[in-house]
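A quick write-up on the structure given underneath.
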Amino acid sequence: MKNILTTIIGIISSIIVMILLIIGFVAIISSEDEVKVKENSILKIDLANTSVVERSSENPFDGLSLSGDVASTIELKQVLDNIEKAKLDDNIKVIYINTSYVSAGISQIEEIRNKLLEFKQTGKPIIAYSEVYNQAAYY
């Protein structure tokens, strides 16, 4: 009788602990940290030695090259969304973009360029830098 009661209490307490852990895990995942931008900030978009891709892969081995170096990639949507946020945020005064050795298709470069032109219509300046200007970086 004593063993049965101890087992039941153990099972109930384990269930309660599991429920609390699941609730805590869901609360951590669902909470989003809101980023506070300081006044007179600069949005730095560093595309140096980066491949602009439509969608990034979830496979951690996709970024490895034969030499063992990790290839740097950024999603096009992420770049465009950040430029749009900078356009709407009064605290961001300038965009600084580094396009040294950028690897992107012409259509991706054109989308970034069009979004930068929208940003420029707000009267905020854009500073572009590149160690080497190829056709894509210049465009």
Next item on the list: Pull out the extension gain between residue 27 and residue 14, defined as 0.36 nm times the separation in residues minus the alpha carbon to alpha carbon distance; nm, one decimal.
Entry: 2.7 nm
Next item on the list: Search the structure for amide H atoms under 5 Å from the amide H of residue 96, placed 1.01 Å from N in the peptide plane, and list their residues when 5 or more places away or on another chain.
Entry: 43, 44, 45, 127
Notebook entry, point to check: Where Lys and Arg each count +1 and Asp and Glu each count -1, what net charge lies around residue 100 among other residues with Cβ under 15 Å from its Cβ?
Noted result: -1
Item checked: Peptides 20-29, 45-54 ordered by average Cβ neighbours within 10 Å, highest first -> 45-54, 20-29
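For the peptides 124-130, 76-82, 38-44, what is the packing order when you average, over each peptide's residues, the other Cβ atoms within 10 Å and list the highest mean first?
In descending order of packing, they fall as 76-82, 124-130, 38-44.
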Item checked: Selection of GluC sites (Glu not before Pro), segment 76-139, meeting DSSP coil and at most 15 other Cβ within 10 Å -> 131
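FYI, it's all coordinate maths here, none of it is from the lab. This is a predicted model, so every value here is computed, not measured. In this analysis, Cβ positions are derived from the backbone assuming ideal geometry, glycine residues included, and neighbour counts consider all displayed protein chains.
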